[in-house]
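A short write-up of the structure that comes next.
Every number in this text was worked out from the coordinates using simple rules, so none of it is lab data. Source: prediction; values computed, not measured. All Cβ positions, glycine included, derive from the backbone under ideal geometry; neighbour counts span all protein chains shown.
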Amino acid sequence: MIYVTVGTMFLDFPRLVTAMDAIAQNTGERLVVQIGLGKTLPQHGEHFAFKPRQEVLALQREARVIVCHAGIGSVLDALHVRRPFIVVPRRKRFNEHMNDHQMDLAQAVQQRGWGLAVYNIEELPTACATPKLFPARYQPGKEPLVAALRGFLEQVAGRNAGRRRRPNEEGTA
């Protein structure tokens, strides 16, 4: 099974959904596509807009390969379930995003050997047929993230501690 996710962006990602639909039609392999807020629907696979995270992770664990946009949440989920994955960045020139920042994450994924970045959609069938195996050397770095979040929250809490509440705020008289 191939699992595809386009994320939560309000803009459609027809380039990816259409390419994956053609792959499913040509190979007969089961295709499950998370379409988010997009309007493009696969004709040769299953689709849904959104599901609870645990259901998504279960689908990803079943997948032979995950194909995702270059969103950090999608990349982290693919790394979390330890499945081979392909990143297809959304591009501004195709009206798939507001800018090309997903190119940076796609390049980082490829450079670190975590997955394969596909920039030319015509290369997607070959990439799906022979995905790279999951890198054994990937280890999630939770401690730096937790420390950074804790510091940020403490900083925000410190700023808000001295702020006087207005009468219309919840919890005040």
**Prompt:** Cβ under 13 Å from ASN95's Cβ, ASN95 left aside: what net charge do those residues give with Lys, Arg +1 and Asp, Glu -1?
**Reply:** +3
**Pairwise label distance in nanometres, ALA22 with LYS51, each label 7 Å out on the Cα-Cβ vector** = 2.6
**Request:** Sum up the charges of everything whose Cβ sits under 11 Å from the Cβ of TYR119, counting Lys and Arg as +1 and Asp and Glu as -1, but leave TYR119 out.
**Result:** -2
**Fill in**
Assertion target for PHE50, PHE85, PHE10, ordered by fewest C-beta neighbours within 10 angstrom first, is PHE10, PHE50, PHE85
**Asked** Using a ≥ b ≥ c from the Cα gyration tensor of region 2-129 (square roots of the eigenvalues), is it rounded, prolate or oblate, where a/c under 1.5 gives rounded and otherwise the larger of a/b and b/c decides, a/b for prolate?
**Response** rounded
**Asked** Extension gain LEU76-LEU37, at 0.36 nm per residue separation less the Cα-Cα distance, in nm?
**Response** 12.0 nm
**Message:** Using each residue's phi in region 22-35, evaluate 6.51 cos²θ - 1.76 cosθ + 1.60 at θ = phi - 60° and report the 3J(HN,Hα) Karplus result to the nearest Hz, with x for Gly and Pro.
**Reply:** 5, 4, 4, 5, 6, 9, x, 6, 4, 10, 10, 10, 8, 9
**Request:** Mind jotting down the distance between the C-alpha centroids of region 25-41 and region 50-128, whole Å?
**Result:** 14
**Asked** Between GLU62 and ALA157, what is the spin-label point distance in nm, taking each point 7 Å from the Cα along the Cα→C-beta axis?
**Response** 4.1
